[in-house]
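Throughout, read-outs are computed from the coordinates displayed, never taken from laboratory work. As the structure is a prediction and not an experimental result, all values here were calculated from the model. Here the Cβ positions follow ideal geometry from the backbone for every residue, glycine too, while neighbour counts run over all protein chains shown.
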């Protein structure tokens with residue numbers, strides 16, 4: 001089934017630990033994104049990548065890093081997790097046309113204790 | 001003033017009702033207007049997309065954009081329990097980069113049978 005695959009689906013993590021959320025797409029989209037969704041705050045962009053080899057910072061990049069070694073994969077790393085990073089994380093992809101149609105994954109629920 | 005304002009609800013209606021969901025915005029550069037639907041514990045999916053002002057209809061759904069008032073609406077006719085979800089408005093200035101997509105915080109809709 002074509003689309004975006006995120007892993008893990010959910011994870012409980014101790015503060016201070018390193019964590020990588022994985023995202024893979026098979027639609028050959030140029031652009032990929034990481035959002036976090038929190039109650040009362042909505043979707044907020046963490047990092048994005050318009051093409052393989054390039055990345056950019058979104059609205060809330062602190063504490064997160066990304067890489068885009070190829071078109072299909074866009075992992076998000078929390079170098080040293082903190083409780084405020086408890087959230088639902090969504091990966092998305094799109095073509096590079098500015099119409100706004102993003103294709104989202106099912107999300108990764110992360111709890112940092 | 002936030003760029004995009006959306007009433008979070010929750011909104012509860014009986015089956016068959018007409019539902020009106022709304023967003024206001026402040027950035028006059030927005031040209032692309034979208035509505036995403038998000039079921040519980042799922043990723044958002046694009047429901048409706050419009051460019052500039054006007055109406056767009058797709059089955060029971062109608063999207064309206066009034067750029068002069070900076071106001072967009074989504075109408076759902078003959079609402080069904082399967083329409084129960086969170087509806088997110090989203091907007092873009094169409095600058096060719098979807099990282100500029102701005103989301104509302106979402107309205108939680110429940111349609112009661």
Normalising by the residue count of the range A:7-107, find the relative contact order in percent from Cα pairs under 8 Å and 6+ residues apart. 32 percent
When Cβ neighbours within 10 Å are restricted to other protein chains, what is their mean count per residue of peptide A:102-109? 4
Which of B:66, B:58, B:78 fluctuates most in a GNM of chain B (C-alpha springs under 10 Å)? That residue is B:58
Once you order the gyration tensor axes a ≥ b ≥ c over the Cα atoms, which shape class does chain A get: rounded for a/c under 1.5, otherwise prolate or oblate by comparing a/b with b/c? prolate
Under the rule rounded for a/c under 1.5, else prolate if a/b exceeds b/c, else oblate, using alpha carbon gyration tensor axes a ≥ b ≥ c, the protein assembly as shown is classed as prolate
Per the C-alpha gyration tensor (a ≥ b ≥ c, the square roots of its eigenvalues), chain B is rounded if a/c is under 1.5, else prolate if a/b beats b/c, else oblate; here it's prolate
Within 10 Å of the Cβ of an average residue in A:42-51, the count of other chain Cβ atoms is 4
